[in-house]
Amino acid sequence: MVFAAPLQADFFHDYMIDPEDGQLDASRYLSEVPAGFLPVPMVITEPAVGYGFGMAGIFFHESEEQKKQRVSGNSPAILPNNISVLGLGTTENGSKALAAGHMGFWMDDRVRYRGFVLYPDLNLDFYSLGGFDLRKPVELNLQGPLDIQELKFRLGDSRWMLGIRQSYRQVKLDLAKDIALPNPALNNAVNTFLDNNIGETVRTSGAGLLAEYDSRDNPLSPQSGLYYAANYVWYGDSIGSDVNFGSYTLEGLNYWNVNQHVNIALRLQYDGIDAGDASRLPPYVLPYIDMRGIPAVRYQGKAVATAEVEATWKASLRWRFNAFGGGGRAAQSLNALSEAEVANSYGAGFRYLVARRYGMTMGLDVARGPEDTAWYIQAGSSW
């Protein structure tokens, strides 16, 4: 017991302080301590599920060659061979979830893998059901496993990667709050949709192709470079899906170093559903505007477009301050997007370089959307 305090002090100084600048840094702890991981507390303020709390652990797995490397202040960050994530959380409206994820950068980054499994029990307000927009939301409970995996291969020595994407979800749909059906506040089509789907378990199983161009300097917290990706996934009964449809995403992330203190980032994204009759689809498969400050599934449609810009001021090597803003539209077709309502959000936050070895940052964002204000603990890139 006499030696406990000095030993703890030595451990903290040896593994949590960067000898280059004397600042708090978890690089040695994450790379050299066998059970080391980065704890990420999650104070949940997502408007769709209310206030809550969660915890995630991020594990970095390096190769033996990487473990021998030391990163100076001017050297590029190391990209570990594998990164694993475990997390859980719960919120005031009764939502809860368990999650596990893994990212692999294999064969000198010639092969990349990304996958995660999630078991949610969520209570969400839906403003669109059976292809109809609702004046007042209906709160639904979604319970069941979700699995998404991607495997990509680099084309020669280029920045391009091609690969495959797999998705599986099995959801039991229930009313989160008891309401009489049919409900006079809802139209006949929505009442029919609820009557046919409440209490049912639906499987959506899909497989597809993806292509990516990635010139970012660091996928975890990029400062410069481009990331453009496209994927198409088909869900059909031949691969175990109860409903037939296609989904596709076009995404562009742009990062520019204006000078040594200022960075500008731009995100452009389009999500679409290829289905003749949206009224036959489970409501949770429709894309939605996904931005800080906007509740999940608040604005849904068969076509969703989003644009967001972020400016970051690097006050020092460790501290960075950001401001962001953007907007999105959701409609039932691409042609109708120009007439759809625009949902805007804006906000500001900060980041701290918590693991210089990996270029990993953590911080906080506060965002204001059309209906409410929310704040988010961020680990790594904003997008």
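See the values below:
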quantity: From 85, 43, residue being exposed (fewer than 14 other Cβ atoms within 10 Å of the Cβ) and assigned to a strand (DSSP E or B); calculated: 43
quantity: Search result, residues across segment 286-330 that are among the hydrophobic types (A, V, I, L, M, F, W, C) and buried (at least 20 other Cβ atoms within 10 Å of the Cβ); calculated: 286, 289, 291, 294, 297, 303, 304, 305, 324, 330
quantity: Which listed residue is among the aliphatic types (A, V, I, L, M), modelled with pLDDT of 90 or more and more than 16 Å from residue 144 (Cβ to Cβ), from 207, 185; calculated: 207
quantity: All positions within segment 114-139 that are in a strand (DSSP E or B) and either touching a helix residue (DSSP H, G or I) at 6+ places or on another chain (Cβ under 7 Å) or modelled with pLDDT under 85 (or both); calculated: 126, 128, 129, 132, 133, 134, 135, 136
quantity: Condition met for residue 53 (hydrophobic (A, V, I, L, M, F, W, C), assigned to a strand (DSSP E or B) and in contact with a Leu (Cβ under 9 Å, 6 or more places away or on another chain)); calculated: no
quantity: Residue tally, condition more than 17 Å from residue 149 (Cα to Cα), in a strand (DSSP E or B) and at pLDDT below 95, over segment 97-113; calculated: 0
quantity: Total residues in segment 143-168, condition in contact with a Ser or Thr (Cβ under 9 Å, 6 or more places away or on another chain) and in contact (Cβ under 8 Å) with a residue 40 or more places away in the chain; calculated: 5
quantity: For residue 80: the one exception among (1) surrounded by fewer than 16 Cβ atoms within 10 Å (Cβ to Cβ); (2) at pLDDT 80 or above; calculated: (1)
quantity: Residue 292 basic (Lys, Arg) and under 20 Å from residue 48 (Cβ atoms); calculated: yes
quantity: Restricting segment 240-254 to residues that are under 18 Å from the mean Cα position of the chain (by Cα) and surrounded by 20 or more Cβ atoms within 10 Å (Cβ to Cβ), the residue that is nearest to residue 291 (Cα to Cα); calculated: 253
quantity: Members of segment 169-178 found to be surrounded by 12 or more Cβ atoms within 10 Å (Cβ to Cβ) and either of a type in the set (Lys, Arg) or touching a helix residue (DSSP H, G or I) at 6+ places or on another chain (Cβ under 9 Å) (or both), listed by number; calculated: 169, 171, 172, 173, 175
quantity: Elements of type strands (runs of 3 or more DSSP E) in segment 309-383, at least 2 residues being free of Cβ contacts under 8 Å to residues at least 40 places away in the same chain and touching a Lys or Arg at 6+ places or on another chain (Cβ under 7 Å); calculated: 342-355
quantity: Test: residue in segment 27-38 that is at pLDDT 80 or above, closer than 30 Å to residue 137 by Cβ and surrounded by 13 or more Cβ atoms within 10 Å (Cβ to Cβ); calculated: no
quantity: Strands (runs of 3 or more DSSP E) contained entirely in segment 174-274, each with at least 3 residues that are among the β-branched types (Val, Ile, Thr) and in contact with a Cys (Cβ under 9 Å, 6 or more places away or on another chain); calculated: none
quantity: Meets criteria (modelled with pLDDT under 75, of a type in the set (Phe, Trp, Tyr) and surrounded by fewer than 15 Cβ atoms within 10 Å (Cβ to Cβ)) for residue 11; calculated: no
quantity: Segment 17-40: number of residues that are assigned to a helix (DSSP H, G or I) and more than 25 Å from the chain's Cα centre (by Cα); calculated: 3
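To keep it simple, each residue is scored yes or no on (1) among the hydroxyl-bearing types (Ser, Thr, Tyr); (2) in contact with a Ser or Thr (Cβ under 9 Å, 6 or more places away or on another chain); (3) farther than 28 Å from residue 218 by Cα.
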| residue | (1), (2), (3) |
| --- | --- |
| 300 | no, yes, yes |
| 311 | no, no, no |
| 315 | no, no, no |
| 330 | no, yes, yes |
| 346 | yes, no, no |
| 362 | no, no, no |
| 368 | no, yes, yes |
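The values are calculated or read from the model by the stated rules, or taken from the named source; none is laboratory data. Remember, it's a predicted structure, so these values are computed and weren't measured experimentally. Here the Cβ is made from the backbone with ideal geometry for all residues, glycine too, and neighbour counts use every protein chain on show.
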